[in-house]
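Taken together, the values in this text are just the output of simple stated rules run on the coordinates, not laboratory data. Small disclaimer: the values here were computed from a predicted structure and weren't measured. Note that each Cβ is placed from the backbone with ideal geometry, even for glycine, and that neighbours are counted across all protein chains shown.
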Amino acid sequence: MPGVLSGRVALVTGASRGLGAAVAIVLGRLGAHVVITARTQGGLEDTDDAIRAAGGTATLLPLDLREPEKLDSVAPSIFARFGRLDILVHAAGVLGKLTPVSHALAPDRTEVLAVNTIAAWRLIQGCEAPLRQSDAGRAVFVTDIRASVPLAYWGPYGASKAATENLVLTWAGEVATTQLRVNLFDPGPMRTRLRAAAFPGEDPASVPTPDSAAAALVALCLPAETRHGEIMRHR
Ligand code: NAP
C-alpha cells in the first residue's frame with residue numbers, strides 16, 4: 001500500500017522511541033508527512049532518519065506534553081504550515097511509579113495524568129477542527145488493559161488510561177456523524193522502555209518489538225478505515 005497516505009499530514013506523539021516511533025515510520029512509509037513530537041531531540045532525529053530511509057518525510061517538533069500553552073499551539077501551527085491535519089496518534093505515555101494508591105506522591109500522579117490524560121484532552125480540543133476538515137480524519141489514542149482491569153500498585157497509570165478511554169469514547173460519540181473516525185488501541189506487551197520499567201526482571205527478548213502493533217495501529221489511520229468508537233486490542 002505505498003502511497004495510500006500521500007498528501008496527508010499526521011501528528012504522532014511519543015515519536016522519539018517505542019510504539020510512537022514505530023507508528024511514525026509506518027505512516028511515513030505509506031506517504032504521510034509525519035510531524036513527530038517528544039522531548040528527546042536525539043530520539044526524534046533517529047525516527048526522522050528511519051522515516052527518510054523508508055522513503056518518507058517528517059517534521060521534528062520537540063515538546064514536553066506537560067506544557068499546556070505549547071501543546072495547545074501544536075495543531076494550529078501544523079494547520080498554518082501545511083493547511084491540513086489528517087491523522088492524530090497519541091502514543092506518548094508514562095508509567096509513573098508502581099505504588100499503592102494510598103502512597104502515590106503528588107508529583108508522580110500529576111505527571112502521569114498530564115501526559116496520559118490531560119494531553120489527550122488538549123489534543124482533542126486542538127485537533128478536532130482540522131481533523132474534521134479532512135475528508136478522512138483519523139484519531140487513535142493508545143490505551144492499556146490496566147484501564148479496564150485494575151491491578152494492585154498500577155493505580156495512577158490505570159486511572160489515567162481509564163479516564164482517557166472515557167474521554168475518547170465520549171468524543172467519538174460526539175463526532176459520530178462526521179467523517180472523522182476515532183478509536184483506542186491497546187498494543188499489548190511490547191519491548192520498550194516503559195515495559196522494562198514495569199517488569200525489570202523480564203527477559204526483553206521474550207516480548208515482541210513494537211513493529212507488529214504499529215502496523216495494526218496504522219490500519220486505523222487509513223482512509224478506508226470505518227471502525228469508530230472502538231477499543232482495538234492487539235495480541
Ligand atoms: P516508551 O518507549 O517509554 O515511549 C514513551 C514515549 O512517550 C516516548 O517517546 C517519550 O518521549 C514520550 N513521552 C513521555 N513523557 C513525555 C512528555 N512529558 N512529553 C512528551 N513526550 C513524552 O513507551 P511505549 O511502550 O512505546 O509506550 C507507548 C504507549 O503504549 C503508551 O501510551 C503506553 O501506555 C502504551 N502501552 C505500552 C505497553 C508496553 O508493553 N510497552 C503496553 C500497553 C500500552 P520523550 O521521553 O523523548 O519525551
Exercise. Taking amide H positions as placed in the peptide plane 1.01 Å from N, state which residues far from Ala58 in sequence (5 or more) or on other chains have amide H under 5 Å from it.
Key: Val34
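Find the relative contact order for segment 25-144 and round it to a whole percent, using C-alpha pairs within less than 8 Å whose residues are 6+ positions apart.
Numbers: 153 pairs, mean separation 30.6, N = 120.
That works out to 26 percent.
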Quiz prompt | 3J(HN,Hα) from dihedral phi, segment 103-118, Karplus parametrisation 6.51/-1.76/1.60, rounded to Hz, x for glycine, proline | solution = 10, 4, 8, 4, x, 5, 4, 5, 5, 4, 5, 5, 7, 7, 10, 5
Exercise. Obtain the nm distance between the two label points defined at His228 and Thr177 by a simple spin-label model: each point lies 7 Å from its Cα along the Cα-to-C-beta direction.
Key: 1.1
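If we count other beta carbons within 10 Å of each Cβ, what is the order of Arg195, Arg52, fewest first? Working shown, then result.
Working: Arg195 17, Arg52 13.
Ranking Arg195, Arg52 by Cβ neighbours within 10 Å, fewest first, gives Arg52, Arg195.
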Quiz item: Extension gain Ser6-Ala215, at 0.36 nm per residue separation less the Cα-Cα distance, in nm?
Solution: 73.5 nm
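Counting only C-alpha contacts under 8 Å and six or more residues apart, can you give the relative contact order of the chain as a whole percent?
Details: 492 pairs, mean separation 45.7, N = 235.
Taking the mean separation of contacting Cα pairs over the length of the chain, I get 19 percent.
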Exercise. Would you mind calculating the gained length between Asn166 and Thr99 on full extension (0.36 nm times residue separation, minus the Cα-Cα distance), in nm to one decimal?
Key: 21.8 nm
Quiz item: Is the shape of segment 59-119 rounded, prolate or oblate, going by the alpha carbon gyration tensor and its root eigenvalues a ≥ b ≥ c, with a/c under 1.5 for rounded and a/b larger than b/c for prolate?
Solution: prolate
Quiz prompt | Largest to smallest principal axis extent of the C-alpha atoms in the chain, angstrom | solution = 48, 38, 32
Quiz prompt | Convex hull of Cα atoms in segment 1-135, direction-averaged projection (nm²) | solution = 8.5
Exercise. Return the long-range amide H neighbours of Met232 (sequence gap of 5 or more, or a different chain), with a cut-off of under 5 Å between placed amide H atoms.
Key: Leu184, Phe185, Asp186
Quiz item: Considering only DSSP beta bridges whose two residues both sit in segment 134-235, what percent are antiparallel, to the nearest 5?
Solution: 0
